[in-house]
1. From the cross-link list Lys245/Lys278; Lys207/Lys245; Lys198/Lys278, which pairs have alpha carbons spaced over 20 Å apart?
2. Just list whichever of Lys271/Lys368; Lys102/Lys271; Lys307/Lys363; Lys307/Lys368 have alpha carbons separated by over 27 Å in the model shown.
3. Neighbour counts of other C-beta atoms within 10 Å: give me Ser169, Ser305, Ser342 arranged from fewest to most.
4. What is the sum of charges around Ser317, taking Lys and Arg as +1, Asp and Glu as -1, for the other residues whose C-beta is under 12 Å from the C-beta of Ser317?
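Nothing in this text is a laboratory measurement; each read-out follows from the coordinates by a stated rule. Computed from a predicted model, the values in this text were never measured in an experiment. Every residue, glycine among them, receives a Cβ derived from its backbone with ideal geometry; neighbour counts consider all protein chains shown.
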Amino acid sequence: MFRTQALASLKGIFPPIHQPLPLTPRDSQRLLDALTTSFRKQLDKEYGFAPDATADGGSQSHHRPPTDRHLRAILNNPLFSHSHIPDKAAALPQVDTGRDPKLVFRQAVAKGLMTKPRALGFLLTVMEQVRHSAAPSLRAGLKNSGAGLLVVQWLRASGQERELSFFESGHFIWVLLQFMVAEDLEPLVWTWLERLAKGDMPAESKKQAALNAETMLRRLVSVKCLYCELEDAIATILRGEALLKASNVPVFALYLNWRNLAWQATAVSWKYPPPAAKSFDSLVDMQERVATSRRRAHASTELLSQKAHLELHHPDSPDPTRAVEVLTSEKTWLFDVPSAASRNYHINLLQSMGLDAVRHLTKAGETKVAQDILERIYTHLVPNFSDRIMPAR
């Protein structure tokens, strides 16, 4: 019995780990921990589930509002002006407590001075105050703020809700939806979604209608994930699928939405309470309906890997069988993916599924299979992406 070249090279990379074949449970766990720590850090960095959102504190200036009480001066202050978003690394701004943001908002609306950038600045100001408050959670704090309702009332009074023109501002919608879900205004969101799916906008094509509805639904699902409600997020995407189908919008427009949610249910499932098995099964079954246009060879491999990863994370009966088949197949590691973005996703999917499979198999005592998969991960992924898992020297 002898060590493979891949295993021998691990000795100089990770903390002292002896790698006789087969691996002992203790040795496998130590090696897994070393790989997982850096993998997860990179995956979270690339796949944080908050589309169209920027740093929460990156929308306000470091300067306090001027002492001049004139309303226009207040509105021109960075606190209510969101035309520029500073670098994410900037320090969090100080929260202004000198004036009630809702009072300023109402006065601005009354004088006809409110705009979408200022409304966004208002929402972010309230959100920042909630983060600095004693609220038990972000959702609970936003629920009690009433800020979302104020903005919705302004959109309605100004005619923007009738035309649905505001949805094109991605960051504005992302922040507003967080308030609306927290304030139990979600039924109105579904009304907007139905109108978007039906193309209830001036000079709008059916293709654009599908894009608009899918984008809005993706943001709504993202909010549910932000609030750690995976089961509710699954119910939301299933309801959205039914809505699009009823409006004769092709459901394959939901594929990327589904893919993002499947990632949440597997690679970062530790963030959420386990969903009910029935809901999880519905998410798995949805893949076949939304991925009908992905028939190329590399896409088929991607779909198979996704399904295998989901089966590995089933809340009641996790099954590693398909994951082992995928991870031990030579075709899996060819990386025959045309675009850089798709290739990056495919590699991250294999990384996450591979580590999860090794952990599951090690706990089940199948150390030989776990060892084989671990070697493949090291052989095929480390040489090309060593900066992702190599410790700093």
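1. On the way: Lys245/Lys278 22 Å; Lys207/Lys245 14 Å; Lys198/Lys278 30 Å.
In this structure, Lys245/Lys278; Lys198/Lys278 exceed 20 Å between Cα atoms.
2. Working: Lys271/Lys368 30 Å; Lys102/Lys271 33 Å; Lys307/Lys363 22 Å; Lys307/Lys368 24 Å.
Among Lys271/Lys368; Lys102/Lys271; Lys307/Lys363; Lys307/Lys368, the Cα-Cα distance tops 27 Å for Lys271/Lys368; Lys102/Lys271.
3. Details: Ser169 17, Ser305 21, Ser342 13.
Least to most surrounded, the residues fall as Ser342, Ser169, Ser305.
4. On the way: positive: none; negative: Asp281, Glu311, Asp316, Asp319.
Overall, the nearby charge balance is -4.
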